[in-house]
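So the structure is just underneath, and the comments pick up after that.
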Amino acid sequence: MVLDGSHSTLTKADVESAVRGYWRALSAKEAVQQQNFYDDHAGIFATESSRLERARVVLLRRQREYLSAATRTAVQVGEIEVDLIGPHHAVAAYTIQLDAKHIARTLSSGSAVAEEHLENARVTHIFQRQSDGALRIVHEHISVPHPH
């Protein structure tokens, strides 16, 4: 979450800073800080999603899987393309490389997943400058290219 204390016009630098801060919060296991990056009504299409889900549901799942004491997560953010779509809205599109070890996830088949490695995962965030000056995600879509 980025606070500037005003309702200033959004800049590309604001958005880039928010993107990097979001992934730092995930890697540092800062659950509350990560939650604060999202609008209360945000929707998320996660990598395994077959439908849009409310952010609060996805964040609870991410906390269980990625923010446990044993989990180690490293994220590298690629070049961030920012399109300003108004004075208070922007779209950020970029790729990430995510490496997570000791995650707590069980697949629908019942088998446990201990590691996750995403190369070139594609992320799109729509940000909105809120009335309190905070910059929050109102929509997120993460997808992973399938190997040929």
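A short reminder: the numbers here are calculations on the coordinates, not readings from a lab. As the structure is a prediction and not an experimental result, all values here were calculated from the model. Note that each Cβ is placed from the backbone with ideal geometry, even for glycine, and that neighbours are counted across all protein chains shown.
Please state, to two decimals, what the Cα-based radius of gyration of segment 13-55 comes to when divided by 2.2 N^0.38 Å (N = residues).
1.25
Would you mind working out the magnitude of the charge dipole of the chain relative to its Cα centre, with +1 at each Lys and Arg C-beta and -1 at each Asp and Glu C-beta, to the nearest 20 Debye?
420 debye
Take peptides 139-146, 118-125 and line them up by average Cβ neighbours within 10 Å, highest first, as a rough protection proxy.
Most protected by this proxy first, the peptides run 118-125, 139-146.
Please pull out the direction-averaged projected area of the chain, using the convex hull of its alpha-carbon atoms, in nm² to one decimal place.
If you wrap the Cα atoms of the chain in a convex hull and average its projections, you get 9.0 nm².
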